[in-house]
Amino acid sequence: MKYMKKFGMLLSMFGPGVFAIGYTIGTGSVTSMAKAGADYGLALTWALALSCIFSGVLMTAYGRFAAVTGETALHGIIRFLPGGKFIAGGVFVGVVTAQYTCMGGILILSAGAIREAFGLPCGVFSVSCCIIALMYAFVMIGRYSFFEKLLACFVAMMAVTFIVSVFVTLPDGATLAKSAVPLLPTGGDSLLMFAAFVGTTMAAPTFITRPLIIREKGLGVSDLKKERLDSAISAALMFVISGAIMLVATGVLFAKGKGIVRILDMAGTLEPVAGRFAVAIFMVGTLSAGLSSIFPIMMVGPLLVGDWKAGRMDTRSLTFRVLCLVAALWALVVPALGSNPVTVTIAAQVSNVFVLPLAVFAIIWLLNRKDVMGAYGAGWRLNVFLSAAFAFSVAVSFAGLKTLIDTITK
């Protein structure tokens with residue numbers, strides 16, 4: 001507990017990054033990474049690595065724009081780009097729709113995990129109501145500093161528990177060699193997992209909300225080095241935590257040829273390998289991931305409304321609280337309908353990829369406006385990485401669209 005507290009304090013020094021990890025690594029990420037590890041071992045690690053690298057680049061790009069201009073993402077797009085209202089509108093609708101879809105999947109998965117782990121007699125919907133009520137109570141406090149510390153705590157527990165799980169379930173050399181052959185998705189489940197992978201790690205709200213947080217913390221041009229460090233640490237932590245989940249799944253499921261149907265499938269397989277303590281560790285990490293995502297996702301809509309209207313974060317206004325309540329109620333739709341939580345969550349992660357190209361295109365345009373960025377515009381290195389990120393986002397969106405069409409036409 002002492003070391004976890006110190007780790008949480010370290011994370012709290014990098015506020016924008018803590019929110020980034022909160023948005024990107026939730027129960028949906030745990031499910032996507034675990035299913036990928038169970039079905040394909042480490043064959044999709046290359047996709048995870050690319051997603052995390054591009055995520056770090058885009059966090060840096062949006063952070064630079066905010067630090068230099070003092071503007072937020074949507075407000076800046078409206079102000080500086082021709083047709084900015086249409087572009088900002090597309091980003092807004094895409095981010096909010098995808099994130100609220102994801103929140104329903106994350107909520108049902110977290111509620112199912114709690115119900116199964118503790119053997120609760122009530123249904124998943126009842127547990128979901130309790131979780132969402134608790135998260136909304138946290139939102140009502142309305143202080144950014146509290147949000148940051150709470151997320152730091154969740155992220156610290158998540159990181160420590162998943163990394164510890166790796167050491168008690170590390171696959172043998174033969175399994176690692178067999179599972180590490182890179183896989184290029186061409187269709188079917190592998191293409192679905194590829195889209196879900198990117199949707200959960202290279203998530204648009206991570207970049208779009210970053211300028212709001214940069215502005216809230218008062219970072220400016222003199223803090224560009226700190227902003228880059230924050231982005232790099234965030235991206236590295238995303239890769240380490242997500243990779244740890246894949247490794248655990250590779251060791252306990254891929255090695256035995258087992259898949260995932262229920263949330264406790266992997267935790268249950270851990271028990272004969274490492275005992276009930278390992279199951280408890282994994283469950284703490286899974287629930288921390290879920291809570292660390294539900295909390296910031298609930299706020300994404302009102303945050304972007306504030307960005308659009310005034311270019312600032314206002315977490316104590318009536319509008320903010322009402323919109324958070326709407327998001328909370330919307331999240332309960334998925335548990336109310338009932339469905340396979342693993343299927344729902346992976347499908348929800350895929351929905352994240354469709355707004356990616358627009359978010360990347362907007363920041364490339366903004367950073368290359370000399371009249372806006374002056375001497376701090378994108379250089380050739382950053383433009384190369386941003387162009388690669390744009391090409392990657394288009395490819396992933398195409399993959400997501402193909403899986404969606406295939407699903408509908410089956």
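The values are calculated or read from the model by the stated rules, or taken from the named source; none is laboratory data. Remember, it's a predicted structure, so these values are computed and weren't measured experimentally. Every residue, glycine among them, receives a Cβ derived from its backbone with ideal geometry; neighbour counts consider all protein chains shown.
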Problem - Pair list, Cβ < 8 Å and 6+ apart or interchain, from region 289-317 residues that are within 17 Å of Tyr136 (Cβ to Cβ) and modelled with pLDDT of 80 or more to residues that are of a type in the set (A, V, I, L, M) and not in a helix (DSSP H, G or I) - result: Leu303/Met313
Practice task
Would you confirm whether any residue within region 235-245 is surrounded by 24 or more Cβ atoms within 10 Å (Cβ to Cβ), modelled with pLDDT under 65 and in contact with a Phe, Trp or Tyr (Cβ under 7 Å, 6 or more places away or on another chain)?
Solution key: no
Exercise for the section: Hey, can you tell me all the residues within region 44-103 that are among the polar types (S, T, N, Q) and not in a helix (DSSP H, G or I)? Expected result: Thr72
Practice task
Answer with yes or no whether Gly17 is assigned to a helix (DSSP H, G or I), at pLDDT 90 or above and either crowded, with 23+ Cβ neighbours inside 10 Å or in contact with a Ser or Thr (Cβ under 6 Å, 6 or more places away or on another chain) (or both).
Solution key: no
Completion exercise
Leu183 fails exactly one of (1) under 15 Å from Gly37 (Cβ atoms); (2) in a helix (DSSP H, G or I), namely (2)
Practice task
May I ask you to list the residues in region 213-230 that are touching a residue at least 60 places away in the same chain (Cβ under 8 Å) and in a loop (DSSP other than H, G, I, E, B)?
Solution key: Lys217, Leu219, Gly220
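For region 376-390, name all the residues that are part of a helix (DSSP H, G or I) and either in contact with a helix residue (DSSP H, G or I) (Cβ under 9 Å, 6 or more places away or on another chain) or of a type in the set (D, E, K, R) (or both).
Our first condition is that a residue be part of a helix (DSSP H, G or I); within region 376-390, this holds for 376, 380-390.
Hits for region 376-390 are Tyr376, Arg381, Leu382, Asn383, Phe385, Leu386, Ser387, Ala388, Ala389, Phe390.
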Problem - Subset of region 92-120 [farther than 14 Å from Met135 by Cβ, among the aliphatic types (A, V, I, L, M) and in contact with a Leu (Cβ under 8 Å, 6 or more places away or on another chain)] - result: Val95, Val96, Ala113, Ala117
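Which one of Val93, Val124 is β-branched (Val, Ile, Thr) and within 21 Å of the chain's Cα centre (by Cα)? It would help to see each step written out before you state the result.
Working: Val124 fails: within 21 Å of the chain's Cα centre (by Cα).
Result: Val93 is the single residue among Val93, Val124 that is β-branched (Val, Ile, Thr) and within 21 Å of the chain's Cα centre (by Cα).
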